[in-house]
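The values are calculated or read from the model by the stated rules, or taken from the named source; none is laboratory data. As the structure is a computational prediction, the values presented were derived from the model and not from experiment. Note: ideal-geometry Cβ built from the backbone for every residue, glycine included; neighbour counts use all protein chains shown.
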Amino acid sequence: MKHGPLLALLTLLFALRVLGQALVAFAGVTWLPAMEHWFSGLIPYPALLILQLLMLLLMIKVTAEIWRGRGFYAEARPHWSQFLQRFSAVYAAIMVLRYILIMTLEPEMRWFGGVIPITFHFVLAVFIFVLGHYHRRAN
């Protein structure tokens, strides 16, 4: 498996999500879904944007190091593997449950309302899983 390119693709997808939401929030873009479709509102958007940008920077660093095969995140750490892959599975399962609950409790959102955040949580879960798989190679 080519971990670097796959991590780069997942990072790009997350970056596009962050950019899309920012365009709606700050530039008034109307050809993208409205702001209420981008996030649940649990965290105020300015704080969420800062968190997303920090996550994106970390994802870029991890991806670049693994792609080059040098750096802290590129060093084989087999003890990270199992934790990262299990964490990603739990994370993804929680998102499946979240989707089921939203579709059950808020039928007006069926089938595509509120799925942008859930979809990109899956992107993050896959990123974590791939990172775990990368570190498994030394086991």
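Filtering the range 65-84 to residues that are without any contact (Cβ under 8 Å) to a residue 40 or more places away in the chain and aliphatic (A, V, I, L, M) leaves only Ala74. Of all the residues in the range 62-76, those that are surrounded by 11 or more Cβ atoms within 10 Å (Cβ to Cβ) and either among the aliphatic types (A, V, I, L, M) or more than 14 Å from Ile128 (Cα to Cα) (or both) number 10.
Looking across the range 37-74, not a single residue is at positive phi and among the charged types (D, E, K, R). Residue count for the range 108-139 under the criterion of being more than 21 Å from Leu32 (Cβ to Cβ), modelled with pLDDT of 95 or more and either of a type in the set (A, V, I, L, M) or not in a helix (DSSP H, G or I) (or both): the result is 5.
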